[in-house]
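**Student:** Could you have a look at this structure, given as structure tokens, before my questions?
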Amino acid sequence: MRIAAIGFGNRISGVYKSCIRKVCPEARLVGLLDSDPAAARARLPVDERDGPIACDDVAELISRTRPDAVLVGTRCDAHARYAIALAPYRLPVFLEKPVATSMDDAIALERAWGSDGSKVVVSFPLRLTPLVRQAQAWLAEPATGRIAHVNAVNYVTYGGNYFDMWYRDNSVTGGLFLQKATHDFDYLAHLVGHPIVRVAAMALHGYVHQDLSLRQGEGDPDVSYHASIGTPETGMNEDCSSALIEFANGIHGTYSQVFFPRHATAARGATLSGKRSTISFDWATDRIRRAWHDRPEAEERMLRAVSGHGGGDEALAQGLVDLVRGVKSSPAPLQAGLESVYACLAARESSRTGTIATVRRWGQA
Ligand SMILES: NC(=O)c1ccc[n+]([C@@H]2O[C@H](COP(=O)([O-])OP(=O)(O)OC[C@H]3O[C@@H](n4cnc5c(N)ncnc54)[C@H](O)[C@@H]3O)[C@@H](O)[C@H]2O)c1
């Protein structure tokens, strides 16, 4: 299986080495398109570094390396541009999230792929984790009763990444709804079975994380200071943000993401209430629980993840390999990536304007 990569950085090299090669040992990286090809090549095992041909643009990458699939793992703001450039070839594409960071890019991406977005595997591992699959199985049981409410949290204990690595550049990430909540909005919509249609959101900027260069000598021991992370006025990632979300079937829920807690505060998961029972799961503990509304009983399972992102990364790689072999359709098609981006863009807009934002619908004119 011939694989080409556009942006072979930390994330995509990890997906290739630990997941794609694991589920498909015969896969080989044959082509690279990266703004730093030497560093990209160095992410390969020593005996594979001479394998891939480095190319300067998408047309050269496709014509010289004839890939069976292309991985796109550049930084966030270039995903849509490369996915649009790949669209005419209609090859299977593994596309990192967020699939776009602006409305213009998202609409152009939707139009470029048209009805063939099922050839894209969006890098949404959470929807494929054992915990989400178990929640889906329980939700499908008539005894649960259809979902009437959701409440999701994400206490990101590695949140320093968003203030000291390149992710601190808000003009590249587009903010942390697009960077982080895109995953959570996706698995929630996947579980509810309907896209998010309206969002009321709030975000806190510059309260915990502040630009060190602007605050020299004013050390508050409770505040993390970092250089060049922007300001609320110039644009910066948020310390935390929350959204009240409504789904197309009329039910609603909440989501909060908090980027300054550390250590044992880690928690990421959701509580979904059906008419007769409530299901809660947390990737930080690998546990899922169902409690009944008509009796004082609950059951709990521990489903330990076998690969990154709660076991979802390997399932995504398997999804790509199955797509290339033509045996299954994408487990995370472009429509899902774009519906999540549309919800994130609405959340960002709502948090900026203080109004309830309507989410653009997939296929809308
Ligand atoms: N799905 C997930 O769970 C998950 C996890 C981590 C990161 N990500 C996403 O992966 C993306 C990459 O993150 P990373 O941490 O690997 O970053 P990185 O900086 O390590 O990797 C980016 C790579 O793209 C290359 N690059 C940058 N601009 C380019 C351009 N215009 N053309 C070609 N190559 C270019 C860089 O040289 C680098 O090799 C981000 O968008 C991030 O949101 C997703």
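**Student:** For residue 99, indicate whether it is of a type outside the set (Lys, Arg), within 16 Å of the ligand (Cβ to nearest atom) and closer than 17 Å to residue 8 by Cβ.
**Tutor:** No.
**Student:** Could you tell me which numbered condition residue 182 fails, if it satisfies all but one of (1) closer than 30 Å to residue 89 by Cα; (2) crowded, with 19+ Cβ neighbours inside 10 Å; (3) more than 15 Å from the chain's Cα centre (by Cα)?
**Tutor:** For residue 182, the exception is condition (3).
**Student:** Taking the range 152-172, which residues are part of a helix (DSSP H, G or I) and out of contact with any Lys or Arg (no Cβ under 8 Å at 6 or more places or on another chain)?
**Tutor:** The answer is 161, 163, 164, 167, 168, 170, 171.
**Student:** Where the second residue is basic (Lys, Arg) and open to solvent by 10 Å² or more (accessible area, probe 1.4 Å) and the first is under 20 Å from residue 318 (Cβ atoms) and lies in the range 330-343, which pairs have Cβ atoms under 9 Å and are six or more apart or on separate chains?
**Tutor:** 330/119; 331/127; 332/127; 333/119; 334/119; 336/127; 337/97
**Student:** State whether one or more residues within the range 135-146 are β-branched (Val, Ile, Thr), modelled with pLDDT under 95 and assigned by TED's automatic domain parsing to the domain that holds residue 262.
**Tutor:** Yes - at least one qualifying residue is present in the range 135-146.
**Student:** How many residues are of a type in the set (D, E, K, R), in contact with a Gly (Cβ under 8 Å, 6 or more places away or on another chain) and open to solvent by 40 Å² or more (accessible area, probe 1.4 Å) if we restrict to the range 106-143?
**Tutor:** Summing the residues that are of a type in the set (D, E, K, R), in contact with a Gly (Cβ under 8 Å, 6 or more places away or on another chain) and open to solvent by 40 Å² or more (accessible area, probe 1.4 Å) in the range 106-143 gives 0.
**Student:** Just checking, does the range 97-114 include any residue being under 26 Å from residue 167 (Cα atoms) and polar (S, T, N, Q)?
**Tutor:** Yes; the residues of the range 97-114 include at least one that is under 26 Å from residue 167 (Cα atoms) and polar (S, T, N, Q).
Residues checked against (1) over 18 Å from residue 180 (Cα atoms); (2) touching a Pro at 6+ places or on another chain (Cβ under 8 Å); (3) assigned to a strand (DSSP E or B):
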residue	(1), (2), (3)
307	yes, no, no
336	no, no, no
341	no, yes, no
344	no, yes, no
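**Student:** Considering only residues that are in a helix (DSSP H, G or I) and among the polar types (S, T, N, Q), which ones fall in the range 123-151?
**Tutor:** 134, 136, 144
**Student:** Right, something else. Mind checking which pairs have a first residue in the range 151-170 that is in the same structural domain as residue 211 (by TED's automatic domain parsing) and within 10 Å of the ligand (Cβ to nearest atom) and a second that is open to solvent by 30 Å² or more (accessible area, probe 1.4 Å) and of a type in the set (S, T, N, Q), Cβ under 8 Å, 6 or more apart or different chains?
**Tutor:** If the second residue must be open to solvent by 30 Å² or more (accessible area, probe 1.4 Å) and of a type in the set (S, T, N, Q), the pairs left are 167/161.
**Student:** Checking the conditions here, which among 116, 77 is at pLDDT 95 or above, within 15 Å of the chain's Cα centre (by Cα), in a helix (DSSP H, G or I) and charged (D, E, K, R)?
**Tutor:** Checking each option against the conditions leaves just 77.
**Student:** Taking the condition of being modelled with pLDDT of 95 or more and either more than 21 Å from residue 348 (Cβ to Cβ) or in contact with a Lys or Arg (Cβ under 7 Å, 6 or more places away or on another chain) (or both), how many residues in the range 218-246 meet it?
**Tutor:** Here the count works out to 2.
The values are calculated or read from the model by the stated rules, or taken from the named source; none is laboratory data. These numbers were taken from a predicted model, which means no experiment stands behind them. Backbone-built Cβ (ideal geometry, glycine too); neighbour counts: all protein chains shown. Surface areas here come from the heavy atoms of the whole protein model, side chains and all, with no ligands, DNA or RNA. Shrake-Rupley method; radii C 1.70, N 1.55, O 1.52, S 1.80 Å.
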